[in-house]
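S.K.: Take this structure first; my questions come after.
The values are calculated or read from the model by the stated rules, or taken from the named source; none is laboratory data. Fair warning: this is a prediction, and the values are worked out from it, not measured in the lab. Because the Cβ atoms are built from the backbone with ideal geometry, glycine has one as well, and the counts that use them run over all protein chains shown. When the accessible area is computed, the model is the full protein with side chains, heavy atoms only, and any ligands, DNA or RNA have been set aside. Shrake-Rupley method; radii C 1.70, N 1.55, O 1.52, S 1.80 Å.
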Amino acid sequence: MNLTVTSSPHIRGDFRTSRLMLDVVLALLPALIVGAIVLGARALMVTLISMAAAVAAEYLYSLALKHRNTIVDASALVTGMLFAMTLPVSVPYWLAAAGSAFAILVAKLMCGGLGQNIFNPALFARAFALILFPAALTRYPALGVDAVSSSTPLHHMVMPALPEESVLDMFLGNCPGSIGEISALALIAGGIYLVARKVISARIPLSYLATVAVLTLVFHKTDDAISWMLYSLFSGGVMLGAIFMATDYVTSPVTKKGQIFYGIGCGILTVIFRYYGLFPEGVTYAILLMNLCVWVIDRYTAPRIYGYQKGGK
C-alpha cells in the first residue's frame with residue numbers, strides 16, 4: 001500500500017485570513033452606513049482615505065524591502081477601516097491618512113507583520129494621534145450644522161449629567177460621536193454577524209460589556225442608575241471596542257478563561273479611565289493596556305495538558 005506522507009496540518013479548513021478580514025469589513029458596514037447618514041458623506045471620504053493609506057503603506061513597505069506582498073490578506077483594509085471608525089468626521093484628511101499609515105508601518109510591520117504585533121494597530125495609532133493632535137480627535141460637529149461642538153454624550157457625562165439625547169437616539173445613532181461608534185444597534189448587528197460566521201467568540205464582548213454595565217450600575221453618578229448604565233454602554237467607543245477591537249486575534253487571549261478575564265479587565269479599566277482619566281473616553285487605553293497582559297493571561301489560564309498531574313507527573 002502506498003502512503004502519501006506530508007507535513008502537518010493534514011486537515012485544512014476554509015478559514016482563510018482574507019475571508020476573515022472581509023467578514024470584519026462587512027460587519028462594520030452597518031456602522032459606517034449609519035455614520036454616513038447621520039454625519040454626512042464626509043464620513044465615507046475619511047474612511048476610504050484611511051483604508052487606501054493603510055493598503056498603500058503596506059504595499060510600499062513590502063516593495064521597498066522586497067518582501068512578499070501581503071495586501072491580499074486584506075488585513076490592511078481592516079486596520080484602515082477600524083482606525084477611521086474611531087475618528088470624528090471633521091478630522092483632517094491628512095491626519096486620517098497619516099494615522100492609518102502609522103498603524104501599518106509602526107504598530108504592525110515594524111513588529112514583524114501580521115500576527116506579531118503587540119498592540120491593536122488601529123487603537124495604537126489613535127492613541128498616538130490623540131497625544132499629538134488632541135483637538136482634532138476630540139472635537140465633533142453638531143448634527144445638521146457645520147459648526148464644531150464638543151457637546152458629545154460623553155462630555156455631558158463628565159459633568160456628571162445625563163446626555164441630552166434619549167437612550168433610543170443613542171442606541172440607533174442619532175447623536176454626535178466618531179464615525180463608527182454612534183449606533184450601538186449597527187455595531188451589535190455586526191457583532192452578531194461575526195459570531196454567526198465564527199470569526200469571533202462572544203466571550204470577550206459579553207464579559208467586557210457586562211463588566212461596564214455592572215460597574216456603572218453600582219457606581220452611578222446620577223439619580224437614575226439604569227439610565228446612567230445604558231448611556232455608559234451606548235456612548236463613546238464601548239460597543240466598537242468590545243466587539244471589533246478587543247476581539248483582535250493577535251492581541252487577545254486564546255484560552256476561553258483568558259478571554260473572559262481579558263474582557264473583564266478591559267471593562268474595569270474603561271470605567272476607571274472614564275471616571276478619573278483626562279479624557280472622557282477610556283476604551284482606547286483600556287484595551288491597549290490589556291494587550292500587554294495577554295501573554296500573562298494565556299500563561300496562567302492554559303488548560304491542563306491531558307495526562308499531566310500536579311507535581312510534574
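S.K.: Hey, rough spin-label estimate for residue 206 and residue 133, points 7 angstrom out along Cα→Cβ, what's it come to in nanometres?
M.R.: According to this spin-label approximation, the distance is 4.0 nm.
S.K.: So, one more: Could you tell me how many degrees, from 0 to 90 and to the nearest 10, lie between the Cα long axis of helix 17-39 and the main elongation axis, the longest principal axis, of the Cα atoms of the chain?
M.R.: Roughly 10 degrees, rounded to the nearest 10.
S.K.: A further question on this structure: Keeping the other protein chains in place, figure out the carbon and sulfur percent of the accessible area of the chain, with a 1.4 Å probe.
M.R.: Roughly 68 percent, rounded to a whole number.
S.K.: Where is the GNM fluctuation largest for the chain (alpha-carbon springs, 10 angstrom cutoff): 204, 272, 182?
M.R.: 272
S.K.: Take the alpha carbon atoms of the stretch 149-216, find their center, do the same for the stretch 84-116, and report the distance between the two centers in whole angstrom.
M.R.: Answer, in whole Å: 22.
S.K.: Given a 10 angstrom Cα cut-off, can you work out which residue in 268, 104, 37 is the most mobile in a GNM of the chain?
M.R.: Between 268, 104, 37, it is 37 that shows the largest mean-square fluctuation.
S.K.: Same structure again: Dipole magnitude of the stretch 167-267 about its Cα centre, charges +1 at Lys/Arg Cβ and -1 at Asp/Glu Cβ only, in debye to the nearest 20?
M.R.: Around 540 debye, computed over the stretch 167-267.
S.K.: P(r) for the chain: what percent of alpha-carbon pairs falls in each 10 Å bin, starting at zero?
M.R.: 6, 26, 35, 21, 8, 3, 1, 0
S.K.: Then there is this: Rounded to the nearest 500 deg cm²/dmol, what is the calculated helix-only ellipticity per residue at 222 nm for the chain, with -39500 (n - 2.57) per DSSP H run of length n ≥ 4?
M.R.: Result for the chain: -17500 deg cm²/dmol, rounded to the nearest 500.
S.K.: Accessible surface of residue 220 in the full protein assembly, 1.4 angstrom probe, to the nearest 10 Å²?
M.R.: 80 Å²
S.K.: Just the number please: accessible area per residue for the stretch 196-294, 1.4 Å probe, all protein chains included, in Å².
M.R.: Accessible area per residue, the stretch 196-294: 41 Å².
S.K.: Got a number for the accessible area of residue 140? Probe 1.4 Å, square angstrom, nearest 10.
M.R.: 20 Å²
S.K.: Can I ask one more? Rounded to two decimals, what is the ratio between the C-alpha radius of gyration of the stretch 21-173 and 2.2 N^0.38 Å?
M.R.: With N residues counted in the stretch 21-173, Rg over 2.2 N^0.38 Å equals 1.12.
S.K.: I've got another one for you. Roll a 1.4 Å probe over the protein chains and send me the accessible area per residue for the stretch 74-135 in Å².
M.R.: Spelled out: the 1.4 Å probe surface of the stretch 74-135, per residue, equals 33 Å².
S.K.: Could you give me the ³J(HN,Hα) list for the stretch 266-274, computed from phi with Karplus coefficients 6.51, -1.76, 1.60 and θ = phi - 60°, whole Hz, x at Gly and Pro?
M.R.: Calculated HN-Hα couplings, in order: 4, x, 4, 5, 4, 5, 4, 5, 5 Hz.
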